[in-house]
Amino acid sequence: MSSRLKARGIIPRKSLGQNFLADDATARRIVDASEVGRNDLVFEIGPGAGALTTHLVKRAGWVVAVELDQTLISTLREELGEARNVTIVHGDALKVDFIQLAQEAAHAFGKPFGAIRFVANLPYYITSAAIRRILECGLSIATIVLTVQTEVAERVTAQPPDMSLLAVSVQFYGRPDLLFRIPPSQFYPQPGVESAVLRIRLHNQPPDVDAQKLFRVVKAGFSQPRKQLRNTLTAGLGVTKAQAEAALRQSGIEPDRRAETLSLEEWKRLTNYLC
Ligand code: SAM
């Protein structure tokens, strides 16, 4: 990977989180993890020089690859050679309209897709924003496979009493699993931290609670780290302490518990009671 990039005069840009995957066996494992099939649409965020894209185009019905760095686009096109089932979009994955891109891809594919999947070796500086953007993009997604910092993968898959706003946000939409770790030596240039591959299988049915209301309550709960819920809800939701305590007790939650200890079920009960 490093010699191919050097030959093309490409210098990895730290500001764009460019650590290119340099191990082809690992690229295959990541693509396997996505469970992509011949009738599926795959969105890839940050294809770079195509380490994953070259495998994705062989297995997917259609691939839409969104890359921010214009200087990588011609390299990517060369790497993909004759592949016809790919759209390369020069743009910011945090801003593109995934619904419109999916409609255009379905038109080009000529029939409806079996499933929609996302795959990305994410630039670390946009990890949380990209996860949120994918989960909230409005498409019915089957799987999301992301390479992220190991610490982020552990936070996303955490259980009570180690929950965070990120863990609740992801687990609301799907079931995350940390599949395997990737040492820095498998990237060019080597990042300063270990990476891990995270797969999120999205729930078929949306949870039986209003998402907006639930996240208002969850954000209030996590607004002051390590404080008791009776206090964080009072401050975050503008209710009195007595109201917050009553709502917690009615939901079967002791008011002195902290947000990190609540399960998704408990957040749902509390939201349904409060709203
Ligand atoms: N997928 C390639 C690989 O595995 O070798 C590259 C991964 S590299 C960690 C992240 C890629 O995301 C880079 O190509 C970078 O230019 C691109 N990128 C950074 N910010 C982006 C954004 N906001 N939207 C789309 N691509 C972005």
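Brief remarks follow.
- With respect to the stated conditions, Leu72 fails to be more than 11 Å from the ligand (Cβ to nearest atom), farther than 14 Å from Val145 by Cβ and either charged (D, E, K, R) or in the same structural domain as Thr147 (by TED's automatic domain parsing) (or both).
- Flag if Val89 is crowded, with 20+ Cβ neighbours inside 10 Å, within 13 Å of the ligand (Cβ to nearest atom) and in the same structural domain as Ala7 (by TED's automatic domain parsing): no
- The sole residue among Arg8, Arg28 that is more than 22 Å from the chain's Cα centre (by Cα) and more than 20 Å from Arg133 (Cβ to Cβ) is Arg8.
- Being within 20 Å of Tyr124 (Cα to Cα), open to solvent by less than 10 Å² (accessible area, probe 1.4 Å) and of a type outside the set (Gly, Ala, Ser) is a property that does not hold for Thr75.
- Answer from Glu35, Glu104, Glu78 - the residue that is modelled with pLDDT under 95 and away from the ligand (no atom under 13 Å from the Cβ): Glu78
- Selection status of Ile45, in the same structural domain as Leu122 (by TED's automatic domain parsing), near the ligand (Cβ under 10 Å from one of its atoms) and either open to solvent by 30 Å² or more (accessible area, probe 1.4 Å) or at pLDDT 95 or above (or both): yes
- Residues that are within 10 Å of the ligand (Cβ to nearest atom) and open to solvent by 50 Å² or more (accessible area, probe 1.4 Å), drawn from segment 92-101: Leu94, Lys95
- In segment 48-65, the residues that are near the ligand (Cβ under 10 Å from one of its atoms), hydrophobic (A, V, I, L, M, F, W, C) and either open to solvent by 10 Å² or more (accessible area, probe 1.4 Å) or in contact with a Phe, Trp or Tyr (Cβ under 7 Å, 6 or more places away or on another chain) (or both): Ala49, Ala51
Listed here are the residues, each with its yes/no results for (1) of a type outside the set (Asp, Glu); (2) touching a helix residue (DSSP H, G or I) at 6+ places or on another chain (Cβ under 8 Å); (3) modelled with pLDDT under 95.
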{"residue": "Met163", "(1), (2), (3)": "yes, yes, no"}
{"residue": "Val168", "(1), (2), (3)": "yes, yes, no"}
{"residue": "Arg175", "(1), (2), (3)": "yes, no, no"}
{"residue": "Arg181", "(1), (2), (3)": "yes, yes, no"}
{"residue": "Leu198", "(1), (2), (3)": "yes, yes, no"}
{"residue": "Asn204", "(1), (2), (3)": "yes, no, yes"}
{"residue": "Val217", "(1), (2), (3)": "yes, yes, no"}
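- Check on Gly46, under 19 Å from the mean Cα position of the chain (by Cα) and on the phi > 0 side of the Ramachandran plot: yes
- Scanning segment 110-126 for residues that are farther than 13 Å from Phe43 by Cβ and either more than 15 Å from the ligand (Cβ to nearest atom) or open to solvent by less than 10 Å² (accessible area, probe 1.4 Å) (or both) yields a total of 4.
- Among the helices (runs of 4 or more DSSP H) confined to segment 181-273, the ones with at least 1 residues that are among the polar types (S, T, N, Q) and open to solvent by 60 Å² or more (accessible area, probe 1.4 Å) are located at 211-221, 241-250.
- Inter-residue pairs, beta-carbon under 6 Å, first closer than 18 Å to Val66 by Cα and in segment 1-20, second within 11 Å of the ligand (Cβ to nearest atom) and among the hydrophobic types (A, V, I, L, M, F, W, C), 6+ apart: Asn19/Phe187; Phe20/Met1; Phe20/Ala49
- If the condition is being in a strand (DSSP E or B) and open to solvent by 20 Å² or more (accessible area, probe 1.4 Å), then segment 154-180 contributes Arg175, Asp177, Leu178, Leu179, Phe180.
The values are calculated or read from the model by the stated rules, or taken from the named source; none is laboratory data. This one's a predicted model, so the numbers in the text were calculated from it and none came from an experiment. When we count neighbours, we look across all protein chains shown, and the Cβ atoms used for this are built from the backbone with ideal geometry, even at glycine. Remember, those area values only see protein heavy atoms, side chains included, never the ligands or the DNA or RNA. Shrake-Rupley method; radii C 1.70, N 1.55, O 1.52, S 1.80 Å.
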